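Chemist: Below is one structure. I have some questions about it.
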Amino acid sequence: MAVDRDEQELAEAFDATVAAEGRIEPRDWMPEGYRKTLIRQIAQHAHSEIIGMQPEGNWILRAPSLRRKAILLAKVQDEAGHGLYLYSATETLGVDRTELTEKLIDSRQKYSSIFNYPTLTFADIGVIGWLVDGAAICNQVPLCRSSYGPYARAMVRICKEESFHQRQGFELLMTLMAGTDAQREMVQDAVDRWWWPSLMMFGPADGDSPNTQQSMAWRIKRHTNDELRQRYVDMTVPQAAALGVTLPDPELRWNDERRAHDFGAIDWDEFTAVVKGAGPCNAQRLAHRRAAHEGGQWVRDAASAYAAKQQTRRQEGEVAA
Ligand code: FAQ
């Protein structure tokens with residue numbers, strides 16, 4: 001009986017903190033569903049950052065100048081850092097990073113659909129910065145106000161870096177658009193291939209999103225998938241005009257009544273297929289991640305052996321003293 005009352009008081013305190021826009025911290029009591037939802041979302045987010053290194057990493061050796069190579073290398077390294085902050089945030093919820101990595105490489109946890117598309121030309125690198133980082137910013141800036149402290153704080157730094165990434169992508173595309181006809185065609189081709197997948201990054205339509213309602217009530221998510229997708233479209237249309245590219249949607253137009261852009265129907269069959277593993281690069285991405293994990297085993301073994309040796313030495317030192 002006493003336990004039930006305590007639990008109820010804790011639940012009330014949790015609800016009151018969330019309602020007052022306070023932060024839930026790792027040692028605070030939280031409903032089991034809240035913990036599970038956070039682990040699912042943050043792990044998926046961390047996996048996306050790590051798998052997301054592959055499409056761009058593909059171009060590091062082929063970037064056309066030392067300057068472009070240095071920029072791309074720094075960006076891909078930033079994505080690794082984002083993955084690490086996010087895995088650290090999940091560890092505050094009582095899960096182990098190794099376990100999450102195993103779930104990713106066994107396909108028991110998801111990562112963003114967007115990283116299952118190939119990067120065919122160097123223009124794709126600019127378009128990923130502009131559109132994919134652009135969508136990531138739209139989706140992630142509100143997560144800086146997420147109710148879970150470690151996630152919200154990790155997002156502040158991640159968003160600053162993503163904004164920088166988006167600008168570098170736009171700058172790369174402006175350079176290509178000021179080049180030859182062939183370069184402009186390369187940019188348009190990349191925009192044509194990445195536009196629809198970037199809209200899918202926001203997740204299923206609100207009516208088909210099983211997690212949104214509860215995640216909004218817990219203030220993990222601050223907006224619905226469709227709200228953020230609309231915000232992204234409205235933000236991107238003027239940028240496309242400034243760049244001089246066409247977004248590949250004949251139904252895209254300003255709706256004066258809604259004060260927002262209307263846009264065409266998303267191919268949800270494609271989205272479902274990609275999420276289930278049948279996208280153009282799913283098998284390749286996971287095989288690469290698995291090989292990197294297995295190839296890194298000796299580093300983890302060496303680090304553990306070193307830590308064990310240090311501990312033995314410390315203990316021996318304590319005994320001698
Ligand atoms: N791909 O009920 P909802 C980046 C899953 S990072 C694959 O709406 P929720 C940086 C969803 O997990 C990009 N799966 O789910 C970068 C759920 O699965 P489950 C990643 C998707 O969580 C840039 C099911 O469908 N960003 O780009 C996708 O409320 C450049 C039902 O969906 C984040 O992870 C998808 N697109 O809303 C790196 C941001 N969408 O487990 C390198 C944080 C949905 O129930 C280069 N996450 N699913 O079977 C979020 O904001 C949310 O988790 C959503 C999904 C909005 C992604």
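Chemist: In region 4-62, what residues are in contact with a Ser or Thr (Cβ under 7 Å, 6 or more places away or on another chain), over 30 Å from Leu286 (Cβ atoms) and either open to solvent by 20 Å² or more (accessible area, probe 1.4 Å) or not in a helix (DSSP H, G or I) (or both)?
Modeler: Arg23, Ile24, Pro26
Chemist: Could you tell me whether region 234-244 includes any residue that is among the hydroxyl-bearing types (Ser, Thr, Tyr) and more than 29 Å from Met174 (Cβ to Cβ)?
Modeler: First pass over region 234-244, keeping only residues among the hydroxyl-bearing types (Ser, Thr, Tyr): 236.
Within this subset, residues satisfying the condition of being more than 29 Å from Met174 (Cβ to Cβ) are none.
No: region 234-244 contains no residue that is among the hydroxyl-bearing types (Ser, Thr, Tyr) and more than 29 Å from Met174 (Cβ to Cβ).
Chemist: From the list Leu228, Leu199, Leu172, Leu176, pick out the single residue that is assigned to a helix (DSSP H, G or I), in contact with a Phe, Trp or Tyr (Cβ under 7 Å, 6 or more places away or on another chain) and in contact (Cβ under 8 Å) with a residue 40 or more places away in the chain. Let's see the steps before the verdict.
Modeler: Values: Leu199 fails: in contact with a Phe, Trp or Tyr (Cβ under 7 Å, 6 or more places away or on another chain); Leu172 fails: in contact with a Phe, Trp or Tyr (Cβ under 7 Å, 6 or more places away or on another chain); Leu176 fails: in contact with a Phe, Trp or Tyr (Cβ under 7 Å, 6 or more places away or on another chain).
Exactly one residue qualifies, and that residue is Leu228.
Chemist: Only one of these is surrounded by fewer than 13 Cβ atoms within 10 Å (Cβ to Cβ) and hydroxyl-bearing (Ser, Thr, Tyr): Ser107, Ser113. Name it.
Modeler: On the way: Ser113 fails: surrounded by fewer than 13 Cβ atoms within 10 Å (Cβ to Cβ).
On inspection, the qualifying residue turns out to be Ser107.
Chemist: Got a number for residues in region 244-269 being farther than 14 Å from Ala205 by Cβ and either open to solvent by less than 60 Å² (accessible area, probe 1.4 Å) or within 16 Å of the ligand (Cβ to nearest atom) (or both)?
Modeler: 10
Chemist: In this structure, is Ala135 at pLDDT 95 or above and over 27 Å from Gly277 (Cβ atoms)? Walk me through it before giving the result.
Modeler: Details: at pLDDT 95 or above: yes; over 27 Å from Gly277 (Cβ atoms): no.
It is false that Ala135 is at pLDDT 95 or above and over 27 Å from Gly277 (Cβ atoms).
Chemist: Let me ask you something else. Write out, first by first residue and then by second, each pair whose Cβ atoms fall under 8 Å of each other, whose residues are 6+ apart or on separate chains, and whose first residue, in region 88-117, is aromatic (Phe, Trp, Tyr) while the second is part of a loop (DSSP other than H, G, I, E, B).
Modeler: Tyr111/Gly52; Phe115/Gly52; Phe115/Cys281; Tyr117/Gly279; Tyr117/Pro280; Tyr117/Cys281
Chemist: Does at least one position in region 264-273 carry a residue that is touching a helix residue (DSSP H, G or I) at 6+ places or on another chain (Cβ under 8 Å), more than 21 Å from Ile50 (Cβ to Cβ), part of a strand (DSSP E or B) and not charged (D, E, K, R)?
Modeler: Within region 264-273, none of the residues are touching a helix residue (DSSP H, G or I) at 6+ places or on another chain (Cβ under 8 Å), more than 21 Å from Ile50 (Cβ to Cβ), part of a strand (DSSP E or B) and not charged (D, E, K, R).
Chemist: Would it be correct to say that Ala89 is surrounded by 24 or more Cβ atoms within 10 Å (Cβ to Cβ), over 13 Å from the mean Cα position of the chain (by Cα) and not hydroxyl-bearing (Ser, Thr, Tyr)? Outline the logic, then answer.
Modeler: On the way: surrounded by 24 or more Cβ atoms within 10 Å (Cβ to Cβ): yes; over 13 Å from the mean Cα position of the chain (by Cα): yes; not hydroxyl-bearing (Ser, Thr, Tyr): yes.
Judged against the criteria, Ala89 is a match.
Chemist: Of the residues that sit in region 292-302 and are open to solvent by less than 60 Å² (accessible area, probe 1.4 Å) and in a helix (DSSP H, G or I), which one is farthest from Glu102 (Cα to Cα)? Break it down stepwise before answering.
Modeler: The initial filter retains those residues of region 292-302 that are open to solvent by less than 60 Å² (accessible area, probe 1.4 Å), namely 292-293, 295-296, 302.
With in a helix (DSSP H, G or I) added as a condition, the list becomes 292-293, 295, 302.
Values: Ala292: 12, His293: 9, Gly295: 14, Ala302: 20 Å.
My answer is Ala302.
The values are calculated or read from the model by the stated rules, or taken from the named source; none is laboratory data. Note that the structure is a prediction, hence the values are computed from the model and not measured. Counting neighbours? That spans all protein chains shown, and the Cβs are built from the backbone with ideal geometry, glycine included. Heavy atoms of the whole protein, side chains included, go into the accessibility calculation; ligands, DNA and RNA do not. Shrake-Rupley method; radii C 1.70, N 1.55, O 1.52, S 1.80 Å.
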